[in-house]
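Below is one structure, written out as structure tokens; the observations come after it.
The values are calculated or read from the model by the stated rules, or taken from the named source; none is laboratory data. As the structure is a prediction and not an experimental result, all values here were calculated from the model. Reconstructed Cβ throughout: ideal geometry from the backbone, glycine too, with neighbour counts over all protein chains shown.
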Amino acid sequence: MFNRRSLLAGATALGGTSLLPSLAHAKGIVTAATYPGSWEDAYRSVVAPALKKAYDVDLELQPLFAVDQIAKVRAARGAPPFDAFVLDPGPRITGIEGGLFEKFDGRKISNAPNLPAGMIDEWGICVGAQVVGIGYNPKKLPKPTGWKDLLSDPWVSRLGITGFQTTFGTVSLIEIAKAFGGSETNVEPALVELKKVLPKIAAVGNPAAMPGLLQQGQCDITYTNIQTVAILKSRGVDIEFVKPASGAVAFFTTMHIAKGAAEADNAYKYFDTVVSKAVGDALVQPPHNFIPVNKQVVLPPSLPMTNLDEMSTYIQHDWSKINPLRAGWIEKFNKEMAK
Amino acid sequence: MNKLAEWQLTLPLALAFAAIFLAPLLMLVGVSFFSDDKITQPGFAQWVKFYGDPFSYKVIADTMLLGVKTVCATILVGYPLALVYLDAPPRLQKVLIFVIVMPLLLSVVVRTFAWIVVLGREGVVNQLLLSLGIISEPLRLLQTELGLVISLTQIEMPLMLLPLISVMSRLDPNLRDASAALGASRWRTLFTVIVPLSMPGLVAGCLLVFASSTTAFISQTVIGGVRLIYLPLLIWQQSLVVFNWPFAAVVSIALLISVLTVVSALSWLGRRSGGYVHG
Amino acid sequence: MGRRHSLGDLSYGLVIGTLAALALLIIVAPVVIVLSTSFTEGRSLKFPPTGFSLQWYEALFDPSKSRQIHRAVLNSLEVAAWSTAFGVLFGSLAALGLARSRNRLARVADGFFMSPLVLPGLTFGLAALMYFTLIGFRPSLNLIIAGHMIVTVPFILRTTAASLSQLDPALNDSSQSLGASWLYTLRRVTLPLIAPGIFAGAFLAFMASIDNVPVSLFLSTARTDMLPIRMWGMMESTLDPRIAAVSGVLITAAFLLMLVMEWTVGLTRRMRE
């Protein structure tokens with residue numbers, strides 16, 4: 001039944017469809033990495049049409065987490081598979097140190113005057129903010145007030161924690177450490193306190209699994225991004241966001257041009273579109289729930305801030321100090337949490 | 001056709017492997033001999049770091065044990081299912097094959113969700129046991145090794161059963177009848193006739209199950225949780241979170257060598273039993 | 001048979017039956033859960049599901065809502081088909097070549113061919129990307145096919161080798177001593193006997209390719225979106241019930257395929273008789 005003829009026939013039939021390249025016909029093209037899921041959906045439905053309309057540039061999106069973007073560009077030394085990065089602060093520092101970005105020319109961003117100060121530097125541009133705090137199920141737990149509550153009853157026995165591999169995990173663990181006398185560079189107290197209550201903790205999870213764990217009641221409280229909470233809530237999951245008493249943490253998501261990018265000029269057009277008022281107005285609405293950086297965008301009441309200047313009152317961390325310590329923290333977390 | 005020519009049949013695959021697999025693998029080995037994460041300073045620092053840490057040995061041992069436990073669990077429930085398949089009428093056999101391959105049709109992404117539902121604190125198993133009054137407090141199943149092994153058993157079942165069944169279905173049914181006619185009990189027939197004759201399939205299944213369960217990163221971290229630490233988690237952290245590729249390479253090589261050692265031992269056993277069958 | 005069932009035979013039936021039932025339960029439970037959640041009326045993946053509706057299947061088939069998923073499905077199917085085709089060709093040839101060699105080189109080669117299964121996918125993905133860019137290739141669908149072929153061919157090799165090892169060597173020799181050419185023997189004697197093994201391996205390889213995350217992650221480009229990577233995004237950020245519907249579609253497709261095969265194979269058998 002497996003003779004050469006049928007195999008060859010099958011092979012030719014399949015081959016016909018695949019080996020022809022399908023090139024786009026727009027004036028220009030830019031390939032941008034984007035986070036999988038809600039980011040990609042939003043960028044495909046809002047940013048891509050806006051970019052096409054304003055500059056006749058086609059946007060090709062490649063869904064990749066920040067760490068995967070860095071890994072791919074590092075591995076492809078000098079021949080990046082995409083033109084533009086989107087990164088959290090930790091991977092951003094890794095990228096700068098690894099020489100993975102082109103120098104950034106802020107003059108090419110026409111919307112620059114509408115951005116708060118400091119949003120553009122020599123390496124890239126901030127395109128959005130993220131707020132980290134506590135997400136909990138109000139039907140099962142009383143409202144927590146601060147980071148310390150996470151480690152005491154009744155919350156601790158319903159707590160789900162994640163490690164230092166994500167930005168929100170890292171900043172939350174730092175804040176927990178601070179509540180117990182630690183600091184931005186000393187997370188030891190958090191690990192000590194977590195270790196004490198470890199048998200009670202409901203889940204020590206892979207960040208990718210947290211929404212599922214929350215939805216199915218394996219854990220009912222965790223630290224997370226406000227955007228994740230908003231999206232899950234809009235999907236009918238019982239979850240509320242709480243700003244801890246000591247303050248919520250904020251960090252910026254930045255975009256960069258990959259070293260050796262084929263379409264650097266179109267990448268600037270893409271960034272300019274992303275930070276434009278029209279795109280910001282659309283992204284701030286459900287189901288996207290982004291926090292844009294353009295000052296002209298009116299923030300909806302669901303966000304814990306009324307204008308972007310309040311961002312300065314949020315806790316921010318210095319990732320150039322955190323990054324060198326992170327590898328050690330990850331190993332420490334492994335050993336402390338391992339049975 | 002003479003022996004030499006028969007051996008040449010491996011050449012296409014060997015060439016493909018040399019070009020697409022061996023070369024990257026050698027690069028990986030090369031990378032492991034750099035001391036810094038920028039891959040500029042040659043040295044053995046990463047090897048010393050990994051093998052100088054007692055924690056590493058614990059993780060290697062845990063990973064291999066996970067593979068062994070999964071193989072045992074898969075044989076324990078999978079082999080009887082293969083026996084049932086063997087005795088079933090042809091129409092039922094078709095249905096069984098369909099059921100057996102079903103786990104492969106669930107993407108790993110939803111499969112992990114399903115196991116959260118089954119094993120979770122408010123999950124199906126706990127609800128059932130609670131309502132029957134067998135337990136008064138929910139059992140902790142998710143994020144335990146037991147839960148992980150159960151969930152791995154599901155996805156590994158096709159890997160065990162397909163080779164096993166493809167071998168078993170070629171067994172001469174007369175052999176079993178002869179054994180029964182000679183007065184052997186069904187247990188005796190199983191262990192003296194069926195198991196030895198199905199050995200090639202069983203060994204092939206064990207190899208696939210062992211290799212695949214020890215490297216099943218997503219199941220290990222989502223269902224097992226991060227309290228259970230296996231080598232793939234270390235590799236993931238080192239290569240994608242802290243970008244220390246030399247260290248990730250050392251850990252990968254450790255995983256590769258440990259698993260290949262077990263696999264060759266199994267292979268050797270399989271060859272011996274194969275010889276026994278034909279001998 | 002006139003012989004009375006002994007206690008041993010009863011216990012055999014009981015033990016084997018119970019364990020097999022347990023196996024079926026373990027296999028089926030997650031499938032039932034996923035399928036039932038795919039019919040939810042709710043807006044997220046949740047068990048037990050609320051209500052019954054086909055809205056997520058409608059959304060999945062709607063080209064305007066799910067264009068990216070369709071593209072990813074096509075890419076994944078194409079990659080899986082090609083990599084399995086090459087895998088079957090190279091893998092079964094290699095299994096034939098190795099089957100009767102008992103020397104050390106053959107054993108080393110066998111272990112070598114198994115090692116992609118053992119090397120973590122993430123490591124191979126990264127190393128392959130480094131290597132391919134070094135020799136001047138840019139990520140493309142063809143590279144993904146090559147990568148998938150490497151990581152899935154061990155399935156084909158292993159199951160084919162298992163079938164071959166129980167093949168009676170005398171059969172081959174007698175066929176050839178009767179004057180049949182090697183190729184004729186292969187086609188008429190060997191292949192029909194090892195076909196179940198090849199099929200089993202090809203199926204495992206095909207599904208492993210469809211579900212492969214790490215190799216695709218590193219070798220894909222913006223245009224070669226793959227299904228499991230898309231599903232990760234849908235699961236992690238939004239618990240999108242369409243990912244359950246994808247499984248529903250896959251299971252239905254496999255069921256239909258089986259019916260069709262049953263029908264055609266049954267037909268050819270009848271024609272031959």
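Just a yes or no: is a residue in the stretch A:253-275 charged (D, E, K, R), surrounded by 15 or more Cβ atoms within 10 Å (Cβ to Cβ) and within 14 Å of another protein chain (Cβ to nearest Cβ)? Yes, there is a match, as at least one residue in the stretch A:253-275 is charged (D, E, K, R), surrounded by 15 or more Cβ atoms within 10 Å (Cβ to Cβ) and within 14 Å of another protein chain (Cβ to nearest Cβ).
Conditions tested, residue by residue: (1) at the interface with another protein chain (Cβ under 7 Å from one of its Cβ atoms); (2) modelled with pLDDT under 90; (3) assigned to a helix (DSSP H, G or I); (4) more than 18 Å from C:T160 (Cα to Cα).
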position: C:V73; (1), (2), (3), (4): no, no, yes, yes
position: C:S76; (1), (2), (3), (4): no, no, yes, yes
position: C:S83; (1), (2), (3), (4): no, no, yes, no
position: C:F90; (1), (2), (3), (4): yes, no, yes, no
position: C:A95; (1), (2), (3), (4): no, no, yes, no
position: C:L98; (1), (2), (3), (4): yes, yes, yes, no
position: C:V108; (1), (2), (3), (4): no, yes, yes, no
position: C:A128; (1), (2), (3), (4): yes, no, yes, yes
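Tell me which residues, restricted to the stretch A:219-252, are of a type in the set (A, V, I, L, M), more than 14 Å from chain C (Cβ to nearest Cβ) and touching a strand residue (DSSP E or B) at 6+ places or on another chain (Cβ under 8 Å). Full working, then the answer.
Filtering the stretch A:219-252 for residues of a type in the set (A, V, I, L, M) gives A:221, A:226, A:229-232, A:237, A:239, A:242, A:245, A:248-250.
From what is left, the residues that are more than 14 Å from chain C (Cβ to nearest Cβ) are A:221, A:242, A:245, A:248-250.
Correct list: A:I221, A:V242, A:A248, A:V249, A:A250.
B:V241 meets each of the listed conditions (1) more than 7 Å from chain C (Cβ to nearest Cβ); (2) closer than 23 Å to B:V48 by Cβ; (3) modelled with pLDDT of 90 or more apart from (3). Only one of the numbered conditions (1) surrounded by fewer than 21 Cβ atoms within 10 Å (Cβ to Cβ); (2) modelled with pLDDT of 95 or more is not met by A:A245, and that is (2).
Hey, among the residues in the stretch A:97-106 that are out of contact with any Gly (no Cβ under 9 Å at 6 or more places or on another chain) and not basic (K, R), which one's nearest to C:I229 (Cα to Cα)? Working first, answer last.
First, pick out the residues of the stretch A:97-106 that are out of contact with any Gly (no Cβ under 9 Å at 6 or more places or on another chain): A:97-100, A:103, A:105-106.
So of that shortlist, the ones also not basic (K, R) come out as A:97-100, A:105-106.
Values: A:E97: 28, A:G98: 26, A:G99: 27, A:L100: 24, A:D105: 33, A:G106: 34 Å.
By that ranking, first place goes to A:L100.
Just so you know, in the stretch A:34-78 the residues that are part of a strand (DSSP E or B) and among the hydrophobic types (A, V, I, L, M, F, W, C) include one that is surrounded by the fewest Cβ atoms within 10 Å (Cβ to Cβ), and it is A:V57. The single condition among (1) free of Cβ contacts under 8 Å to residues at least 24 places away in the same chain; (2) surrounded by fewer than 24 Cβ atoms within 10 Å (Cβ to Cβ) that B:N244 does not meet is (1). When restricted to residues that are more than 9 Å from chain A (Cβ to nearest Cβ) and farther than 20 Å from A:R77 by Cα, the stretch C:206-223 contains 8. Taking the stretch C:24-53 as the range and being among the hydrophobic types (A, V, I, L, M, F, W, C), assigned to a loop (DSSP other than H, G, I, E, B) and exposed (fewer than 14 other Cβ atoms within 10 Å of the Cβ) as the test, only C:F52 passes.
Keeping to the stretch B:59-78, report how many residues are in contact (Cβ under 8 Å) with a residue 40 or more places away in the chain, under 13 Å from B:A254 (Cα atoms) and out of contact with any Phe, Trp or Tyr (no Cβ under 8 Å at 6 or more places or on another chain). Looking only at that region, the number is 2. Pairs are defined by a Cβ separation below 6 Å, a sequence spacing of at least 6 or placement on different chains, a first member in the stretch B:208-222 that is farther than 17 Å from B:V251 by Cα and more than 7 Å from every other protein chain (Cβ to nearest Cβ), and a second member that is among the hydroxyl-bearing types (S, T, Y) and surrounded by fewer than 24 Cβ atoms within 10 Å (Cβ to Cβ); no pair meets this definition.
Is it true that A:I125 is crowded, with 24+ Cβ neighbours inside 10 Å and farther than 19 Å from C:M130 by Cα?
Against the criterion (crowded, with 24+ Cβ neighbours inside 10 Å and farther than 19 Å from C:M130 by Cα), A:I125 qualifies.
Quick one: would you say B:S136 is within 11 Å of another protein chain (Cβ to nearest Cβ) and over 20 Å from C:V28 (Cβ atoms)? Write out each step before concluding.
Details: within 11 Å of another protein chain (Cβ to nearest Cβ): no; over 20 Å from C:V28 (Cβ atoms): yes.
No; evaluated as a whole, the condition is false for this residue.
The criterion of being hydrophobic (A, V, I, L, M, F, W, C), more than 13 Å from every other protein chain (Cβ to nearest Cβ) and surrounded by fewer than 24 Cβ atoms within 10 Å (Cβ to Cβ) does not hold for A:A208.
For (1) buried (at least 19 other Cβ atoms within 10 Å of the Cβ); (2) within 23 Å of the chain's Cα centre (by Cα); (3) within 30 Å of C:L122 (Cβ to Cβ), each residue gets a yes or a no:
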site	(1), (2), (3)
C:I135	no, no, yes
C:N142	no, yes, yes
C:D173	no, no, no
C:Q176	no, no, no
C:L191	no, yes, no
C:A195	no, yes, no
C:F199	yes, yes, yes
C:A202	yes, yes, yes
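Go over the candidates B:S179, B:S151 one by one and state the one that is farther than 18 Å from C:A23 by Cα and small (G, A, S).
Working: B:S151 fails: farther than 18 Å from C:A23 by Cα.
Only one candidate passes the filter, namely B:S179.
Taking B:I253, is it facing chain C (nearest Cβ under 10 Å), under 27 Å from B:V117 (Cα atoms) and either hydrophobic (A, V, I, L, M, F, W, C) or more than 14 Å from the chain's Cα centre (by Cα) (or both)? For B:I253, the condition - facing chain C (nearest Cβ under 10 Å), under 27 Å from B:V117 (Cα atoms) and either hydrophobic (A, V, I, L, M, F, W, C) or more than 14 Å from the chain's Cα centre (by Cα) (or both) - is not met. Tallying residues that are more than 7 Å from chain C (Cβ to nearest Cβ), in contact with a helix residue (DSSP H, G or I) (Cβ under 8 Å, 6 or more places away or on another chain) and in a helix (DSSP H, G or I) within the stretch B:75-99 yields 8.
I need the full set of residues from the stretch A:289-315 which are among the polar types (S, T, N, Q) and crowded, with 17+ Cβ neighbours inside 10 Å, in order please. Steps first, please.
Within the stretch A:289-315, the subset among the polar types (S, T, N, Q) is A:289, A:294, A:296, A:302, A:306-307, A:312-313.
A:N289, A:N294 - these are the residues of the stretch A:289-315 that are among the polar types (S, T, N, Q) and crowded, with 17+ Cβ neighbours inside 10 Å.
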